[in-house]
Amino acid sequence: MNNDTNVLFVSASAADETVLETLLAKNGTGDDVTLSTASEAQHFFDAVYSEMQFQVIVVDDVQEWSDWRSVVEACKKHRPNALLVLLVSSDAAAQQCSSLLADGLAAVYPRNSSGLLALARLVSTLAAQSRSFSLRLADSRSAAHAGDETEEERERLVYAVSHDLQDPLQLARRYAAILNEDFERELGDSGSKVLNHLEFNLNRTQEMLDELLEYSRLQSARPERTPVDLNVLLDEVIALYQLTLDEIGGTISKQHDLPTLIVDRRQFHRVFQNLIGNAIKFRSERPLHITVRAQRIRNEWRIGLKDNGIGIAEEDTKRIFGMFERAAPGEDYPGTGMGLAICKRIITNHGGKIWVRSSLGSGSVFIFSIPQADDAGTESHG
Ligand code: ADP
């Protein structure tokens with residue numbers, strides 16, 4: 001007997017289908033859930049008259065070939081045992097349509113990220129229940145992990161969306177470039193200004209999306225650990241910024257020799273690059289000086305980067321490690337607010353912690369800790 005949970009998605013939106021598919025496929029219950037899509041009348045009637053059992057039918061309120069109410073009526077008539085879910089255009093519409101719940105609809109969700117997440121959760125719960133003979137067991141397990149699952153689903157959605165937005169965004173950037181190159185004269189002065197503004201914002205969106213994708217990839221990527229001499233790594237990153245440092249008269253010095261740690265080399269390169277890049281970007285009027293320190297405390301190493309820059313207000317010192325969180329005014333300092341979130345994720349993936357000690361006007365010390373079981377070729381500096 002087949003225990004699969006079959007979902008019929010009556011929708012014309014390929015994007016919603018992709019997002020839902022990604023959420024379901026990677027939900028741990030993916031193997032038990034089959035998603036069929038009906039984007040036109042023929043597909044829909046083929047599906048409802050087929051032998052296939054559908055446990056859930058999701059109806060989009062925007063249909064190219066019919067009114068959603070007729071689709072719902074047809075489902076009620078031909079598939080009375082299926083759970084009927086309506087996807088509507090907004091939270092407000094979902095509120096309005098919830099009066100229909102008594103009328104054969106099991107749920108009404110908005111067609112946005114939280115609605116699709118809720119829908120994926122509903123389907124996963126059904127799949128889990130049909131797998132398990134003990135409903136009580138399934139319930140208690142899902143309640144215990146509900147928080148984790150929501151977080152994981154969010155991660156998957158972030159990945160799916162940032163991945164799927166790359167193509168249309170690149171297309172938009174290419175069209176803007178064509179306008180700039182081939183139609184400059186026709187556009188005139190004010191047209192060119194608008195186009196420049198558009199290109200600036202498209203580039204910024206691309207930057208944010210790239211960082212979001214990188215952040216999201218780090219979630220599932222296990223660090224590829226090898227012994228990494230942090231002295232060498234630091235020198236490589238300093239070399240990247242040497243021209244800028246020369247230009248602004250900035251210096252970087254080591255207070256201690258740094259240890260060799262068993263970490264992911266590429267990811268740690270990124271951490272040093274973000275932290276030093278930030279120290280340069282958020283420098284004050286004073287000539288920039290960065291000091292790098294290392295300290296072994298019991299079974300962990302702590303690495304600190306101290307700068308004499310603009311500093312961070314006490315109340316912002318935790319928030320800035322979140323996604324897209326920034327403390328300094330955006331117009332003065334370019335950036336996306338993803339750098340420290342990426343650092344935090346890398347350090348957390350290595351079992352460590354990252355924090356900052358700072359106050360406005362007095363510079364900052366960014367410190368990260370990395371647990372290391374034994375000396376692993378490291379020396380102690382204290
Ligand atoms: P971004 O640099 O793109 O703004 P980050 O996530 O790297 O994003 O940093 C978040 C915020 O933390 C910055 O916008 C800034 O307000 C603050 N910040 C980070 N590093 C420093 C620093 N060395 N000195 C002062 N402020 C900093």
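Observations, loosely collected:
- You will find that of R136, R131, R69, R141, the residue that is modelled with pLDDT of 75 or more and basic (K, R) is R69 and no other.
- Strands (runs of 3 or more DSSP E) fully within the stretch 268-382 that include at least 1 residues being within 8 Å of the ligand (Cβ to nearest atom) and not assigned by TED's automatic domain parsing to the domain that holds M208: 300-307, 353-358, 364-371.
- Residue within the stretch 28-35 that is at pLDDT below 90, over 35 Å from the mean Cα position of the chain (by Cα) and β-branched (V, I, T) present: no
- Within the stretch 260-267, one or more residues are under 20 Å from T336 (Cβ atoms), surrounded by 20 or more Cβ atoms within 10 Å (Cβ to Cβ) and touching a helix residue (DSSP H, G or I) at 6+ places or on another chain (Cβ under 9 Å).
- Within the stretch 186-207, residues that are at negative phi reach no partner that is exposed (fewer than 11 other Cβ atoms within 10 Å of the Cβ) with beta carbons closer than 6 Å at six or more positions or on different chains.
- Only strands (runs of 3 or more DSSP E) whose full extent lies in the stretch 225-266 are considered here, and the ones with at least 2 residues that are over 31 Å from the mean Cα position of the chain (by Cα), modelled with pLDDT of 95 or more and hydroxyl-bearing (S, T, Y) are 251-254.
- If you filter the stretch 38-48 down to residues that are out of contact with any His (no Cβ under 8 Å at 6 or more places or on another chain) and closer than 21 Å to V108 by Cα, you find that the one that is surrounded by the fewest Cβ atoms within 10 Å (Cβ to Cβ) is S39.
- The residues on offer are R204, R222, and the sole one that is modelled with pLDDT under 90, farther than 30 Å from L288 by Cβ and loosely packed, with under 15 Cβ neighbours inside 10 Å is R222.
- Filter result for Q63 (touching a strand residue (DSSP E or B) at 6+ places or on another chain (Cβ under 6 Å) and either closer than 23 Å to Q129 by Cβ or not hydrophobic (A, V, I, L, M, F, W, C) (or both)): no
- Filter result (surrounded by fewer than 12 Cβ atoms within 10 Å (Cβ to Cβ), in contact (Cβ under 8 Å) with a residue 24 or more places away in the chain and within 22 Å of D16 (Cα to Cα)) within the stretch 49-85: E64
- Residue count for the stretch 243-254, restricted to those that are surrounded by 13 or more Cβ atoms within 10 Å (Cβ to Cβ) and away from the ligand (no atom under 16 Å from the Cβ): 1.
The values are calculated or read from the model by the stated rules, or taken from the named source; none is laboratory data. Just so we're clear, the structure is a prediction, and the values are computed from it rather than from any experiment. Glycine also receives a Cβ, built like all others from the backbone with ideal geometry; neighbour counts cover every protein chain displayed.
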